Amino acid sequence: MRRIYESEALSRDDDNPFVPGENGDKDRYRSINWENASHAFVPRSLRSFAISVSIETNHERYAVGEPVAFRVTFRNRLPIPISLTTWSPVRWTWALDGVEEASYVEESVPDETSTFQFSRAERKQFTRQWSQQFRMSPTEWSSAEPGEHTVSVGINATRDAERLADSATFVIEE
């Protein structure tokens, strides 16, 4: 093993392209850019089929005032990277009974497209918690009524947004 290092067989010379260099320019010698290749090989209309979206709560029933925790999972089912174009830099949103982030207060989000990128077979998980209150204004909150509620999640995709969404139902008991 010592002879290999002493012979400088592992060094790269800039004058000879067939000898490895010491610059560490791995990207320079890369044969395929997988991010660009996924755009070339997977048509835009099929990219939404590669991504699965799921949401789950930690319980099915909650007492009044008990925080509702939920987990959102996005998964790329393909062995190649996938990128989805989104309407805004906010790549995904959640809603409670159709109210975005349980808030009636509008937040200004820039009107510029972005991308939600997934590596090969990547899974992204996020956890959120709802305090059982709806935000009515910047200073006013309203408690949720007991009964059945639905929490939903979706990617802000420019295409096939209905396919890139999921929901879960839970009950608030008195």
*Looking for whichever is closer than 29 Å to Ser48 by Cβ, modelled with pLDDT of 95 or more and of a type in the set (Lys, Arg) here; the options are Arg123, Arg159, Arg163. Which one fits?*
Arg123
*Can you tell me which residue within region 100-122, out of those that are assigned to a loop (DSSP other than H, G, I, E, B) and small (Gly, Ala, Ser), is surrounded by the fewest Cβ atoms within 10 Å (Cβ to Cβ)?*
Ser108
*Which numbered condition trips up Phe49, out of (1) over 15 Å from Phe116 (Cα atoms); (2) not in a strand (DSSP E or B)?*
(1)
_Checking Leu78 against (1) under 30 Å from Asp97 (Cβ atoms); (2) surrounded by 14 or more Cβ atoms within 10 Å (Cβ to Cβ), only one condition comes out false. Which one?_
(1)
_Would you confirm, using the coordinates I've provided, whether Ile172 is buried (at least 16 other Cβ atoms within 10 Å of the Cβ), closer than 30 Å to Tyr62 by Cβ and in contact with a Lys or Arg (Cβ under 7 Å, 6 or more places away or on another chain)?_
no
*Residue list for region 123-145, restricted to those being outside any loop (DSSP other than H, G, I, E, B), over 17 Å from the mean Cα position of the chain (by Cα) and surrounded by 12 or more Cβ atoms within 10 Å (Cβ to Cβ)*: Trp130, Gln133, Phe134, Arg135, Trp141, Ser142, Ser143
*Say whether the condition of being exposed (fewer than 12 other Cβ atoms within 10 Å of the Cβ), modelled with pLDDT under 85, among the aliphatic types (A, V, I, L, M) and over 30 Å from Phe126 (Cα atoms) is met by at least one residue in region 40-47.*
no
*Do we find a residue being aliphatic (A, V, I, L, M) and in contact with a Gly (Cβ under 7 Å, 6 or more places away or on another chain) anywhere in region 147-159?*
no
*State all residues of region 146-170 that are over 27 Å from the mean Cα position of the chain (by Cα) and outside any loop (DSSP other than H, G, I, E, B); if no residue qualifies, say none.*
Gly147, Glu148
*Determine whether region 56-67 contains at least one residue that is in contact (Cβ under 8 Å) with a residue 12 or more places away in the chain and under 13 Å from the mean Cα position of the chain (by Cα).*
no
*asked:* Kindly evaluate Arg159 against the criterion of being of a type in the set (Lys, Arg) and in contact with an Asp or Glu (Cβ under 9 Å, 6 or more places away or on another chain).
replied: no
*Residue by residue through region 58-72, note down the ones that are surrounded by fewer than 16 Cβ atoms within 10 Å (Cβ to Cβ) and either in a loop (DSSP other than H, G, I, E, B) or in contact with a Ser or Thr (Cβ under 9 Å, 6 or more places away or on another chain) (or both).*
Asn58, His59, Glu60, Val64, Gly65, Glu66, Pro67, Ala69, Arg71
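The values are calculated or read from the model by the stated rules, or taken from the named source; none is laboratory data. What you see is a predicted model; the values in this text were computed from it and never measured. Glycine also receives a Cβ, built like all others from the backbone with ideal geometry; neighbour counts cover every protein chain displayed.
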